[in-house]
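A.B. asks: First the structure, then my questions, so here it is.
The values are calculated or read from the model by the stated rules, or taken from the named source; none is laboratory data. Remember, predicted model here, so these are calculated numbers, not experimental data. Quick reminder, even Gly has a Cβ in these numbers, built from the backbone with ideal geometry, and neighbours come from all protein chains shown.
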Amino acid sequence: MATIDGRPAKYGITLKELRQLMETRGQEGVSKISEYGGVQEICRKLHTSPKDGLSGSKADLDHRKETFGSNTIPPRRPKTFLRLVWEALQDMTLIILQVAAVISLVLALYAPTEDEGKYGWIEGVAILVSVVVVVLVTAFNDFSKEKQFRGLQNKIEGEHKFSVIRACEVLQIPVGDIVVGDICQVKYGDLLPADGILFQSNDLKVDESSLTGESDHVKKGEEVDPMLLSGTYIMEGSGKMLVTAVGVNSQAGIIFTLLGAGSEEHETNIEMQETPRGEDVENKGQPLPPRPQTNTKEKSVLQSKLNKLAIQIGYAGSAIALVTVVILIMQFSVKTFIIDQKSWKKYYFGEFVRHIIIGVTVLVVAVPEGLPLAVTLSLAYSVKKMMKDNNLVRHLDACETMGNATAICSDKTGTLTTNRMTVVESYICEKHNKTTPKFQHIPSHVGDTLIEAIAINCGYTSRVMQGEQPGQPSKQVGNKTECALLQFVLALGKDYQTIRDGIPEDMFTRVYTFNSARKSMSTVIPLKGGGYRLFCKGASEIISSKCSFTYSSDGTLQKFNKAMQERLVKQVIEPMACNGLRTITIAYRDFVPKSKEANQSEIRGEPDWDDEENIVNNLTCLAVVGIEDPVRPEVPDAIKTCQRASITVRMVTGDNINTARSIAIKCGIIKPGDGFLILEGKEFNQRIRDSNGEIQQNLIDKVWPTLRVLARSSPTDKFILVKGIIDSQLTESREVVAVTGDGTNDGPALKKADVGFAMGITGTDVAKEASDIILTDDNFTSIVKAVMWGRNVYDSIAKFLQFQLTVNVVAVTVAFIGACAVQDSPLKAVQMLWVNLIMDTLASLALATEMPNAELLLRKPYGRTKPLISRTMMKNILGQAIYQLVVIFVLLFIGDEMLGIQSGRIEKYRNTPNQHFTIIFNTFVMMTLFNEINARKIHGERNVFKDIFSNTIFCSIWVITFVSQVVIINFGNTAFSTAQLSLEQWGWCLLFGVGTLLWGQLITTLPTSKLPKTLSCGRGRSEEFGNAIKQFAPDAEDDKRVRKGKVLWVRNIRRVRTQIRVVNAFREILSNNGDDQSIAEIYQRHSAHSKRLLNESSHRKA
């Protein structure tokens, strides 16, 4: 018989049988498992051990992957470069330009005008070539973005690890390495990576809404419903499961495969095995119902402002382009047919086409097509750099939103503190110990019970391991509070593992796992002589109030009355908390058939374990311990930096109010006597609710401005606070709120926040899924770095806007005035396309890659409603535009006389390359290039050259653009409508270009405060523009209903909205090929179909 790693190569159960098994639910699943001989027998058939797990050998793992598949779902094929080229060609402005260029080319070849002769075709070809360049650049940028963001998504997925037992050891392995036969440990907050059968559970509840659509949590147990499905969340409890299906064979994998995410061929083979001959798959070929609408987070601050700005520019650009075309056509028609009395000739049609080309080109220059690219480049560049600063950005727009943050609601443990916990004080048998006591000084029966209570009533996944080298501190694995208690056991000279080996988890009668409502954990074990013992640990004031007994200094049992409880709180718990210690009370209770001691509860039969309120009561207090979690040394400085940057930091914690106050003072969140509010969750709720118990915004507005610490808070309290601050209209600029969270129940607050930070080390999968950014080091200072990068992104986009709008104003005005004054635009269509390329792709790349500096944290955040284009920026835009327009019009109307050259205004020379119009074009580009240096500063700084050489990308692009312009002027000829210039003429062009730098200094001298506040643009009141955006920027499914007249600016608005959230698009794997069906619906349909097949199969066997 063939063997693999010493065991038979053949398994006792097939892939098909395992898939059929995982289709069952509830009692049906329990019965099906019994048919296979139970979980132990299935483990034997899969050659695994429920206790020791797999051996972990490479040969065994490879064979399992080959037989049952690997735990990966093949991603959708990325868009090809040609597909992206095709999508880029769908831009309506480019389509109009292509059509006009083709018509111009055809007319030039078959009906040339008298002036153009045999060279008339060159302009049409040049425009088409320019369009090709624009399309290729756009497609290449999109291709690069897809590649980069897929890499980002892979990194996010690679961070997801899971606990498995292999060769008797608990290991954290990437979810992609899980195989059928693995024994997984599941716990509160986990996202299940594979299907499995539960064979040991403690108070386990699962959220299956992602698959079934049912919002209620499903209770799981060996005798209730042992089937655990991939893609679902553990909301309470813990347990162990045997992995039975992975990847495309798991329930989530099957659904993704049906939606086109996985291998179609693989799924077809499975269906052929399972579907009876002649039977079609149910609902095959039927149209899919629409996906239900889901609530999405409000658009980011930048999105709101960009949306409005894009609409404004789109309107203005369209109007000017239309007026330009009308004026050109009217002037030509009046002069030709009325004044000159000429009859219609077929080549006149070419003149009309040329005028349309000029108008469309004006629109190309006016519409901010480079804006989405600048946004995406800046965000992508920042995201890549932020990874080095321990910020894993899941949603791109969170990056820039963080730059506008005005408030941060932070957790305490692990974020502001080191999360390296140690028991430094204890209160045992009425003795307050400031150091670890000696075990022999504790009454033996109390000491033994205390050691047992800690060892058993801490998650078995929590453990303390020796340092890798002698002298190094021990390594804490699992829950840090539990690790501190286990370390305390070791410090007492006892071994907790010996106790755990004697009472494994499968002996537990009941476990009440920790959650935010209980603020405690309890474990029930059977006693040897009959009966049960409950161990409990949790928040001191809560557990102490449930205690009825305690031990005196000599170990004698005594009643624990109300006065003693109050004395314990005032003399022990509060002093510990005031020193910044987290206080935990450890207690127990015995349930016995016949009571001998006063603290034992007599029972007949088994107690009702579901009656938790009565079970976890009448406890006997064993000890109160004070756990120190030191403030991170770098946090106080980081909080000072936030305060200097006008960002309010609030601490939201579940800890005791005295502990929270002490830590807040150490961190610098509050100072003694500063008058800020420190509230407990209970009092907070009383203040914000009216007499009917309803939450009122006006009451929240009275609390949040001065609130700095919220203690003993629940996740609901955190959500209410975050929502209240975001919705508040107290401040004109509106608050932008960032929130940190690590627990499963923090999900709502993380989603509601403008930016949600999840903890990468201690955070649950649920919290990470709800977050926008994952802090890979759980450190508050990383949030400050995110603020700096966010402000840098915002400024980079503002710099680009300042530069682009200056070019827009000048180019559009020159084209318009030129059309009115000389019946032609001094800037030809191809020349404007080159300018468009400079200010779109190249400038966006140059200005979007500036590195952040500490000065960014010395100013106030912009807030939600501050204009995107400030008065200072508008002063620079209009000032530079005036200078450039004066220079261009001087050159246009008297430049030929100044420089002694032939005038290009004369009709005879207007349509052929000439030095006059070439100088105008070259001067315009030089002024644009030098103004790009001015655009690096947007806050009125004088030194525009500061740190310029530190940005090699900017310098490289500037030099490349300058050299390209020299080549175009000297060798462009007919294609670019340029004539060669002399050195003197080049000197004039450069002089006017450098003049923008000098002019910029004069503009900076003008005081911004004297300018009217109305001289700003792009305010971000999202509620003000929400309807307009919905009207003018529909989603993809509404495209066909958009009127053609709106398409020119709609497409650009949609690009801003889409590209800024491009990472989300890659995660929405369900939207392929227009399949808009929800997972829940497909799951229900697939389950119904599979059950029908199973029933038919069983009937045939019968």
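A.B. asks: Can you find a residue in the stretch 502-516 that is among the hydroxyl-bearing types (S, T, Y) and over 43 Å from the mean Cα position of the chain (by Cα)?
C.D. replies: As a first pass, look at the stretch 502-516 and keep what is among the hydroxyl-bearing types (S, T, Y): 509, 512-513, 516.
Add one more test, that the residue is over 43 Å from the mean Cα position of the chain (by Cα), and what stays is none.
Within the stretch 502-516, not a single residue is among the hydroxyl-bearing types (S, T, Y) and over 43 Å from the mean Cα position of the chain (by Cα).
A.B. asks: Taking the stretch 47-60 as the region of interest, how many residues are surrounded by fewer than 21 Cβ atoms within 10 Å (Cβ to Cβ) and not basic (K, R)? Don't jump to the end; show me each part of the working.
C.D. replies: Step one: of the stretch 47-60, the residues surrounded by fewer than 21 Cβ atoms within 10 Å (Cβ to Cβ) are 49-52, 55-60.
Going one step further and asking which of them are not basic (K, R), we end up with 49-50, 52, 55-57, 59-60.
Total satisfying the criteria: 8.
A.B. asks: Sticking with this structure for a sec: Kindly indicate the residue of the stretch 745-780 that is part of a loop (DSSP other than H, G, I, E, B), over 14 Å from the mean Cα position of the chain (by Cα) and not aliphatic (A, V, I, L, M) and also nearest to L191 (Cα to Cα) among those meeting that condition.
C.D. replies: Result: T764.
A.B. asks: Under the condition of being assigned to a loop (DSSP other than H, G, I, E, B) and among the polar types (S, T, N, Q), which residue from the stretch 661-703 is farthest from C578 (Cα to Cα)?
C.D. replies: N692
A.B. asks: If you scan the stretch 760-793, which residues turn out to be in contact with a helix residue (DSSP H, G or I) (Cβ under 7 Å, 6 or more places away or on another chain), closer than 19 Å to V477 by Cα and not aliphatic (A, V, I, L, M)?
C.D. replies: T764
One line per residue, one yes/no per condition, for (1) buried (at least 24 other Cβ atoms within 10 Å of the Cβ); (2) touching a Gly at 6+ places or on another chain (Cβ under 8 Å); (3) under 20 Å from N656 (Cβ atoms):
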{"position": "S714", "(1), (2), (3)": "no, yes, yes"}
{"position": "D717", "(1), (2), (3)": "no, yes, yes"}
{"position": "I725", "(1), (2), (3)": "yes, no, no"}
{"position": "Q729", "(1), (2), (3)": "no, no, no"}
{"position": "A738", "(1), (2), (3)": "yes, yes, no"}
{"position": "D742", "(1), (2), (3)": "yes, yes, yes"}
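A.B. asks: Could I ask something else about it? If you go through the stretch 6-23, how many residues are surrounded by fewer than 16 Cβ atoms within 10 Å (Cβ to Cβ) and touching a Ser or Thr at 6+ places or on another chain (Cβ under 7 Å)?
C.D. replies: 1
A.B. asks: Restricted to the stretch 215-244, and to residues that are touching a residue at least 24 places away in the same chain (Cβ under 8 Å) and over 23 Å from H160 (Cα atoms), which residue is surrounded by the most Cβ atoms within 10 Å (Cβ to Cβ)?
C.D. replies: Looking at residues that are touching a residue at least 24 places away in the same chain (Cβ under 8 Å) and over 23 Å from H160 (Cα atoms), I get P226.
A.B. asks: Checking the structure you have, find out if any residue of the stretch 999-1012 is assigned by TED's automatic domain parsing to the domain that holds L827, of a type in the set (A, V, I, L, M), at pLDDT 50 or above and assigned to a loop (DSSP other than H, G, I, E, B).
C.D. replies: Within the stretch 999-1012, one or more residues are assigned by TED's automatic domain parsing to the domain that holds L827, of a type in the set (A, V, I, L, M), at pLDDT 50 or above and assigned to a loop (DSSP other than H, G, I, E, B).
A.B. asks: Also, I was wondering about something else. Sort out for me the strands (runs of 3 or more DSSP E) sitting completely within the stretch 393-495 that have 3 or more residues that are under 30 Å from F560 (Cβ atoms).
C.D. replies: 422-428, 431-433
Condition check ((1) surrounded by fewer than 21 Cβ atoms within 10 Å (Cβ to Cβ); (2) among the charged types (D, E, K, R); (3) in contact with a helix residue (DSSP H, G or I) (Cβ under 7 Å, 6 or more places away or on another chain)) across all residues:
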residue: M576; (1), (2), (3): no, no, no
residue: R582; (1), (2), (3): no, yes, yes
residue: I586; (1), (2), (3): no, no, yes
residue: K594; (1), (2), (3): yes, yes, no
residue: A598; (1), (2), (3): yes, no, no
residue: R604; (1), (2), (3): yes, yes, no
residue: D611; (1), (2), (3): yes, yes, no
residue: N618; (1), (2), (3): yes, no, no
residue: L622; (1), (2), (3): no, no, yes
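A.B. asks: In the stretch 20-65, what residues are in contact with a Lys or Arg (Cβ under 9 Å, 6 or more places away or on another chain) and of a type in the set (V, I, T)?
C.D. replies: The one that is in contact with a Lys or Arg (Cβ under 9 Å, 6 or more places away or on another chain) and of a type in the set (V, I, T): T24.
A.B. asks: Working only within the stretch 323-359, note down all residues that are among the acidic types (D, E) and more than 18 Å from V99 (Cα to Cα).
C.D. replies: D340 - this is the single residue of the stretch 323-359 that is among the acidic types (D, E) and more than 18 Å from V99 (Cα to Cα).
A.B. asks: Of the residues V477, V489, only one is closer than 21 Å to K240 by Cα, among the aliphatic types (A, V, I, L, M) and not assigned by TED's automatic domain parsing to the domain that holds E169; which?
C.D. replies: When all the criteria are applied, what remains is V477.
A.B. asks: So the check is Cβ under 6 Å with 6+ separation or different chains; which pairs have a first residue in the stretch 940-953 that's on the phi > 0 side of the Ramachandran plot and a second one that's in a loop (DSSP other than H, G, I, E, B)?
C.D. replies: none
A.B. asks: Got a sec? Which of I906, I888 is β-branched (V, I, T), on the phi < 0 side of the Ramachandran plot and in contact (Cβ under 8 Å) with a residue 40 or more places away in the chain?
C.D. replies: Answer to the check: I888.
A.B. asks: Continuing with the same structure: If we keep just the residues of the stretch 1-26 that are under 25 Å from G221 (Cβ atoms) and free of Cβ contacts under 8 Å to residues at least 40 places away in the same chain, which is nearest to the chain's Cα centre (by Cα)?
C.D. replies: Ranking the qualifying residues of the stretch 1-26, first place goes to E17.
A.B. asks: Yes or no: the stretch 606-616 includes at least one residue that is in the same structural domain as C483 (by TED's automatic domain parsing) and closer than 18 Å to N656 by Cβ.
C.D. replies: no
A.B. asks: Only one of these conditions is not met by E425: (1) of a type in the set (D, E, K, R); (2) closer than 30 Å to I725 by Cβ; (3) in contact with a Gly (Cβ under 6 Å, 6 or more places away or on another chain). Which number is it?
C.D. replies: The failed condition is (2).
A.B. asks: If a residue has to be acidic (D, E) and either at pLDDT 80 or above or more than 26 Å from K768 (Cα to Cα) (or both) to count, how many in the stretch 127-173 make the cut?
C.D. replies: Number satisfying all stated conditions: 2.
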